[in-house]
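A.B. asks: Below is the structure I would like to discuss, written out as structure tokens.
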Amino acid sequence: MPYQFSDLRDSCAGEWRDYIEHRFVQQLGDGSLAPEAFQHYLKQDYLFLIQFARAFALAAYKSPTLSDLRQAKDGLQAIVDTELGLHIEYCREWGISEEELANLPEARATLAYTRYVLDTGNRGDLLDLHVALSPCMVGYGEIANWLNSREATVRGDANPYDAWIAMYESEEFQDAMQAEIRWLDERLADVSPGRFEQLTRIFRDATRLEIDFWNMGLTLSD
């Protein structure tokens, strides 16, 4: 049987569950998350987005086909031209100025995660890079869907974090998530068992680093 993204997820089921159902996520869903924890996460997520853009630039360099090159270019353009601007505006709503964002130091969890992704992409090929990025590119969409499946999740004005959930449940993000899964499924179908084990280690490490990113938000660690 050819491998699929679901096989990666199933091979790291415990880590994936700890990431998707993290206490930070649960508190965000029921509205009980401390505002300072969310603000700390937002600041570091801005720095993460900048490194995420660099990862798409690396994906362009690693692209073996014109189709892959176009995909990388579209991802980079979306982050630089759209997502960073939206993030800056959202941070402003939470009392975080663009000047403050521009002068932020990276927390250790941000450094560890983003540099792991870039190092993985530099050492490996385009599939290695996509697998390292997939806990973010797929996971946030799954988190939104998981939150919407929970009775404890509060939606609307009663939850100050409702806009965050709405962002990742949106048709645009869900479509992008499914497109990424299809891309991974096509490439994973051709890999050998040994190669799949290598990719599983990358996926597991990246998922663990996502968990650390949530922990950073809860503990306000730098």
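Any read-out appearing in this document is the output of simple, stated calculations on the displayed coordinates, not a laboratory observation. No experiment lies behind these values; they were computed from the predicted model shown. Reconstructed Cβ throughout: ideal geometry from the backbone, glycine too, with neighbour counts over all protein chains shown.
A.B. asks: Among 146, 94, which comes first, then next, by fewest other beta-carbon atoms within 10 Å?
C.D. replies: On the way: 146 17, 94 12.
Listed from fewest to most nearby Cβ atoms, that is 94, 146.
A.B. asks: Taking the alpha-carbon centroid of each part, what is the distance from segment 12-83 to segment 156-210 in angstrom?
C.D. replies: 10
A.B. asks: Okay, moving on. Quick check: net charge around residue 85, other residues with Cβ under 12 Å of its Cβ, Lys/Arg +1 and Asp/Glu -1? Mind showing how you got there, number by number?
C.D. replies: Working: positive: 92; negative: 81, 83, 89, 98.
My count for the surroundings of residue 85 gives -3.
A.B. asks: Sticking with this structure for a sec: Compactness ratio of the chain: Cα Rg over 2.2 N^0.38 Å, N = residue count?
C.D. replies: Values: Rg = 17.0 Å, N = 222, 2.2 N^0.38 = 17.1 Å.
Scaled against compact globular proteins, the figure is 0.99.
A.B. asks: Here is a follow-up. Measure nothing fancy, just the Cα-based angle from helix 126-137's long axis to the longest principal axis of the chain, in degrees from 0 to 90, nearest 10.
C.D. replies: Its long axis makes an angle of about 30 degrees.
A.B. asks: Angle check, please: helix 171-188 long axis (alpha carbons) against the longest principal axis of the chain (alpha carbons), in degrees 0 to 90, nearest 10.
C.D. replies: Compared with the principal axis, the helix lies near 30 degrees.
A.B. asks: Rounded to the nearest 20 Debye, what is the dipole magnitude of the chain about its Cα centre when Lys and Arg each give +1 and Asp and Glu each give -1 at the C-beta? Could you put the intermediate results ahead of the total?
C.D. replies: Working: 20 positive and 38 negative charges, 139 e Å.
Dipole of the chain, to the nearest 20 debye: 660 debye.
A.B. asks: Counting alpha carbon pairs within less than 8 Å and at least 6 residues apart, what relative contact order, in whole percent, applies to the chain? Please list the in-between numbers first.
C.D. replies: On the way: 227 pairs, mean separation 89.1, N = 222.
Averaging sequence separation for qualifying contacts and normalising by length gives 40 percent for the chain.
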